[in-house]
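Participant: Got a structure for you, written out below as structure tokens; questions coming shortly.
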Amino acid sequence: MKKVTINSVAEYAGVSKKTVSRVLNNEPNVSPATREKVLKVFEELNYKPNPIARGLAQNRSFIIGCLYDNPSKSYITRVQSGALEACQKHSYNLLIHPCELRGQDLIDNVDQLLTTSRLDGIVLTPPFSDSNELIAFLKQRNIPYARVASAIEGDDSISIRSNDEQGAFELTEHLINLGHTEIAFIKGHPDHSATENRFSGYQKALAKHGIEYRERLVAEGNFSYHSGADSAKAILDLEPRPTAVFASNDYMAAAVLKLATQREIKVPEQLSIAGFDNAPIARHIWPGLTTIAQPVEEMTRIAVEELIKHISQPQEAPFQQVLEAKLITRESTKARSNS
């Protein structure tokens, strides 16, 4: 069988080789009808671009890097899923790279990554997406980047996030509407902007309903299951015990549920428990967790899509988007019992 080349695609589609190249690299200046026709020919001829030749021709590696440092394995799995979808669509490869957010060590780590991997761009996930030091370094090196779930405002970069504060507000208000006024809160990792955004949403909901904020009901976690277990012990030891617990992610909420079960505290009859993220664990445990669905896959997919567009055709204005975080109610929460 004769090898299918970019010339073959151009001849079959009745367009120029340059037009095929523009479609292949998702560049502008191609009409929707022409783009659709070329994409259809790609599929009909089963065209697979040669990544080495493509890279040499355009002086690119066609590799996107993704930095992460998150204790939740499900989070990075969802990040990877969204990033891979965008990369595969545009014939890019994805390099997942774990780091730690630790000052100069982080910069040295990323510097070594860039030296050895020749990335076309980098996607920053929390907490790296909030690191001004790292962003300044990438700008200095002239490396295109996109930020996922960052609270930094006014930056001239690609940024996709969900409205964590509004999500936390709605979840807290849901608990209040169920009759709960003693609502404990477990914070997340101090380096993540989501931590303060979710905490702020919790506080604003209390204030709206005239409920006094009580510092004794707030515990410090770091988004890990183990930190949730430590926080759960402190909260469930309180006298009087709160009637509801809102943890900043589902893994910490699952730890609260486990300890409550061990102590024979009935959930949700005696204690309502809620989390955040809608991680797989939220629907796989019993009772299922009431939570906020954060569109992690979609955020990352859009971030990578826009980053690839920017690499092909640098954008004058930054692309920034806020996605909705949605309340999902399950069996772990119910109306407060008066008994």
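Participant: Nearest 0.05, what FRET efficiency do GLU269 and LEU95 give at R0 = 51 Å with Cβ-Cβ as r? Can you show the working numbers first?
Facilitator: Values: r = 48 Å, r/R0 = 0.95.
Efficiency, rounded to the nearest 0.05: 0.60.
Participant: To the nearest 10 degrees, how steeply does helix 296-312 sit against the main Cα axis of the chain, on a 0 to 90 scale?
Facilitator: 30 degrees
Participant: Pick from PRO242, PRO144, PRO32 the residue whose mean-square fluctuation is largest in a GNM of the chain, springs joining Cα atoms under 10 Å.
Facilitator: PRO32
Participant: May I pose another question? Could you work out, for the chain, what percent of all Cα-Cα pairs fall into each 10 Å distance bin, beginning at 0 Å and stopping at the bin that holds the largest distance?
Facilitator: Values per bin, smallest distances first: 5, 24, 26, 19, 14, 8, 3, 0.
Participant: List, in order, the whole-Hz ³J(HN,Hα) value for each residue of the stretch 122-132 obtained from phi through the Karplus relation with A = 6.51, B = -1.76, C = 1.60 and θ = phi - 60°; use x for Gly and Pro.
Facilitator: Result, rounded to whole Hz: 9, 9, 9, 9, x, x, 5, 5, 10, 8, 4.
Participant: Can you compute 3J(HN,Hα) from phi for each residue in the stretch 110-118, using the Karplus curve 6.51 cos²θ - 1.76 cosθ + 1.60 with θ = phi - 60°, rounded to whole Hz and x for Gly and Pro?
Facilitator: For the stretch 110-118, the Karplus curve yields 5, 4, 5, 4, 5, 5, 8, 10, 6 Hz.
Participant: Sticking with this structure for a sec: Taking the chain as a Gaussian network, Cα atoms linked when under 10 Å apart, which of SER31, SER21, SER150 shows the biggest mean-square fluctuation?
Facilitator: Evaluated over the chain, the most mobile residue of the options is SER31.
Participant: Assign unit charges at the C-beta atoms only (+1 for Lys and Arg, -1 for Asp and Glu), then state the dipole size of the chain relative to its Cα centre in Debye, rounded to the nearest 20. Intermediate values should be presented prior to the final figure.
Facilitator: Working: 38 positive and 41 negative charges, 257 e Å.
Value, rounded to 20: 1240 debye.
Participant: Using +1 at the C-beta of Lys and Arg and -1 at the C-beta of Asp and Glu, which of LEU94, ALA146, ILE273 has the Cα lying farthest in the positive direction of the dipole of the chain?
Facilitator: Farthest towards the positive pole: LEU94.
Participant: Moving on to the next point. Pick out, from GLY65, LEU24, HIS189, the residue whose Cα sits farthest towards the positive end of the charge dipole of the chain, with +1 on the Cβ of Lys and Arg and -1 on the Cβ of Asp and Glu.
Facilitator: Farthest towards the positive pole: LEU24.
Participant: Right, another one. Starting from the Cα of LYS258, draw a straight line to each of the lysines and keep only those under 30 Å, dropping any in the same chain fewer than 8 residues away.
Facilitator: LYS73, LYS187, LYS204, LYS233, LYS266, LYS326, LYS334
Participant: What order do you get for 327-333, 234-240 when each peptide is scored by the mean count of other beta carbon atoms within 10 Å, highest first?
Facilitator: Values: 327-333: 18.6, 234-240: 12.6.
Averaged packing, sorted descending, gives the order 327-333, 234-240.
Participant: Another question about this same structure. How many percent of the accessible area of the chain is carbon or sulfur, using a 1.4 Å probe? Don't skip to the answer; put the middle values down first.
Facilitator: On the way: 7750 of 16330 Å².
Ligands and nucleic acids excluded, carbon and sulfur give 47 percent.
Participant: May I pose another question? Give the shape of the stretch 75-176 as rounded, prolate or oblate, defined through the alpha-carbon gyration tensor: a ≥ b ≥ c are the square roots of its eigenvalues, a/c under 1.5 means rounded, and otherwise the shape is prolate if a/b is larger than b/c and oblate if not. Walk me through the intermediate numbers first.
Facilitator: Values: a/c = 2.11, a/b = 1.52, b/c = 1.39.
Prolate, since a/c reaches 1.5 and a/b exceeds b/c.
Participant: May I ask you to evaluate 6.51 cos²θ - 1.76 cosθ + 1.60, the Karplus curve with θ = phi - 60°, for each residue of the stretch 141-150 and list the ³J(HN,Hα) values in order in whole Hz, giving x for glycine and proline?
Facilitator: Calculated HN-Hα couplings, in order: 7, 6, 9, x, 8, 9, 10, 10, 6, 10 Hz.
Participant: Could you identify which residue out of ARG161, ARG216, ARG78 has the top mean-square fluctuation in a GNM of the chain using Cα springs shorter than 10 Å?
Facilitator: Of ARG161, ARG216, ARG78, the most mobile in the Gaussian network model is ARG216.
Participant: Compute the Rg/Rh shape ratio of the stretch 295-339: radius of gyration over Kirkwood radius, all on alpha-carbon atoms.
Facilitator: Details: Rg = 19.3 Å, Rh = 14.1 Å.
Rg/Rh: 1.37.
Participant: If you count only protein heavy atoms with a 1.4 Å probe, what accessible area per residue comes out for the stretch 146-234, rounded to a whole Å²? Each step should come with its number before you reach the end.
Facilitator: Working: 3650 Å² over 89 residues.
Per-residue accessible area for the stretch 146-234 comes out at 41 Å².
Participant: Also: Could you work out how much longer the chain between LYS208 and SER337 gets when fully extended? Use 0.36 nm per residue separation minus the Cα distance between them, nm to one decimal.
Facilitator: Working: separation 129, 0.36 × 129 = 46.44 nm, distance 2.27 nm.
That works out to 44.2 nm of additional length.
Participant: Picking from ALA229, HIS174, TYR251, whose Cα lies most toward the positive end of the charge dipole for the chain (charges on Cβ: Lys, Arg +1; Asp, Glu -1)?
Facilitator: TYR251
The values are calculated or read from the model by the stated rules, or taken from the named source; none is laboratory data. Keep in mind it's a predicted model, so treat the numbers as computed, not measured. Cβ coordinates were reconstructed from backbone atoms using ideal geometry, including for glycine residues, and neighbour counts include every protein chain displayed. We work out accessible area using only protein heavy atoms, side chains counted, and drop any ligands, DNA or RNA first. Shrake-Rupley method; radii C 1.70, N 1.55, O 1.52, S 1.80 Å.
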